[in-house]
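Each remark here refers to the structure printed beneath this line.
Laboratory data are not the source of any read-out in this text; all were calculated from the coordinates shown. Just so you know, these numbers come straight off a predicted model, no measurement behind them. Ideal geometry is used to build each Cβ from the backbone, glycine not excepted, and the neighbour counts take in all protein chains shown.
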Amino acid sequence: MKIAIATDAWYPQINGVVRSLAKTAEALTSLGHTVRLFTPEGFKTIPCPGYASIRLALRPYKRLAALLEEFAPHTIHIATEGPMGLAARRYCVNRDVPFTTSYHTQFPEYVRLRAPVPLGVSYSYLRWFHGAAVRTFVPTASQRERLAARGFGHLEIWPRGVDVNLFRPGDKSFLDAPRPIFMYVGRTAVEKNINAFLEMDLPGSYYVIGDGPELPALRKKYPRVIFTGFKHGQELAHHLAAADVFVFPSRTDTFGLVLLEAMACGVPVAAYPVTGPRDVVIHGETGILDDDLA
């Protein structure tokens, strides 16, 4: 089967969406399918407002339509709701081609943190976007409930997983810093609520692994915190395994793939009891879910 996946999120971005799509394509290929990812690569792009390191395709429809015609996929999946996703949706609707979508990001909440856009407006757009799909895949049961309550239909759960050969318990001495080591991994962006973690009065050391638009301000505001920038693959796994507690302060993630990575490394999680953490963290066993992260 020839499978087309359209996404606005792709390398050099490093996040759960990109990693999930890359692994999905890898797994489908290993099963004998032909997978082609249609991403902003090769298109004229502009920086995303408020997040310049993310590049958005500029008017991609004509070229994307030609590429899809050439590839002639048996099925089309649209992973994101940005310009590439819109262009792929338009292609499918214009040709009466069935397609599926996935809901990876709490887009309305992210926009609301950056601009005075009412949640109702953003959710109206997303209902329109996903409403034409045969199925819309969500990562967890609680996310399905959230969207169903806002009028979304044909929702199916598409769970996540991590490579346990890579993410596994490891040598704590990999990091030479006062213990305990509290760690956050992910984008340094306003929606991640990192300040809630860094403002806690805890003993030991704070680590933030990742990059994003808030990183310069965070470095300046929290000089005691160790900011490492992005880490990948084995190096990321070594850092995670060396932590004592993984702190996940986000209240707006749909899942949080790093939660699975931390737990696979044997590191307990401290998170809020919200969508994402409450679906994957077993309170009192693999972590603690509480409105007080400390």
Estimated inter-spin distance, residue 166 and residue 292, nm [label 7 Å along Cα→Cβ]: 3.8
Rg and Dmax of the stretch 173-294, Cα atoms only, in Å: 13.1, 36
Let me see the P(r) profile for the chain: every Cα-Cα distance counted, bins of 5 Å, each bin given as a percent of all pairs. 1, 5, 11, 15, 18, 17, 13, 10, 6, 3, 1, 0, 0
Nonlocal amide H pairs with residue 185, under 5 Å, H built at 1.01 Å: 209
At 37 °C and a viscosity of 0.692 mPa s, what translational diffusion coefficient does Stokes-Einstein give for the stretch 241-294, taking Rh as the Kirkwood radius over Cα pairs? Give it in µm²/s as a whole number. 307
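Given 25 °C and 0.890 mPa s, how large is the Stokes-Einstein diffusion coefficient of the stretch 222-271 in µm²/s, with Rh as the Kirkwood radius over Cα pairs? Write down the numbers at each step before the final one.
Numbers: Rh = 11.8 Å.
The Stokes-Einstein estimate is 207 µm²/s.
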Sequence gap at least 6, Cα distance under 8 Å: using those rules, report the relative contact order of the chain to the nearest whole percent. 15
C-alpha center-to-center spacing [the stretch 66-126, the stretch 152-231] in angstrom: 29
Obtain the nm distance between the two label points defined at residue 74 and residue 33 by a simple spin-label model: each point lies 7 Å from its Cα along the Cα-to-C-beta direction. 0.9
For the stretch 12-52 and the stretch 248-284, what is the centre-to-centre distance using only Cα atoms, to the nearest Å? 24
Note down the Stokes-Einstein diffusion coefficient of the stretch 44-138 in µm²/s, whole number, using a Kirkwood radius over alpha carbon pairs, 10 °C, and 1.306 mPa s. 110
Any chance you could run the full-extension gain for residue 179 through residue 62? It's 0.36 nm times the residue separation minus the Cα-Cα distance, nm to one decimal. 36.6 nm
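Once the other residues with Cβ under 12 Å from the Cβ of residue 163 are scored (Lys, Arg +1; Asp, Glu -1), what is the net sum? It would help to have the intermediate numbers written out before the result.
Values: positive: 19, 23, 160, 168; negative: 26, 261.
Net local charge, residue 163 excluded: +2.
FRET efficiency for residue 48 and residue 202, Cβ-Cβ distance as r, R0 = 41 Å, nearest 0.05?
Numbers: r = 33 Å, r/R0 = 0.81.
Efficiency, from the Cβ-Cβ distance: 0.80.
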Starting from the Cα of residue 1, step 7 Å along the direction of its Cβ; do the same at residue 93; then give the gap between the two resulting points in nm. 2.5
Would you mind giving the three semi-axes, in whole Å and largest first, of the ellipsoid equivalent to the stretch 1-68 according to its Cα gyration tensor? 23, 17, 6
